[in-house]
Amino acid sequence: MEMMQCPHCGAQNSTKREFCYQCQEALHGPPKADKGERDYVPTCANCAQASISAPAGQRLTPEQVWCISRAEPVPSGQIAGDCFEEAFGWRREDILD
């Protein structure tokens, strides 16, 4: 049986297949952008130090979360800055290269 490598995930598939048995992507044609962990970009909104409620006397816009460690509002879509490694367990440069 002739085999070919999936251009998306690298799994070996029969040349008779149209879609990869592992990732279900088309075997013929150009590979799509990298998949996997890089699809998920941690932001302040999904940080353990983020709160959707501000302390008394503070206000948040719909696009902000309250950063507990900084004690200030931050944009929810912001990629965490100085606290990135502490908050998410990996370095910011690992996903932004």
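Scanning the range 1-17 for residues that are part of a strand (DSSP E or B) and farther than 10 Å from Leu27 by Cβ gives Met3, Gln12. Within the range 64-97, the set of residues being acidic (Asp, Glu) and at pLDDT 90 or above comprises Glu72 only.
The values are calculated or read from the model by the stated rules, or taken from the named source; none is laboratory data. Being a predicted model, the structure only gives us computed values, none of them experimental. Cβ atoms come from the backbone with ideal geometry, glycine included; neighbour counts cover every protein chain shown.
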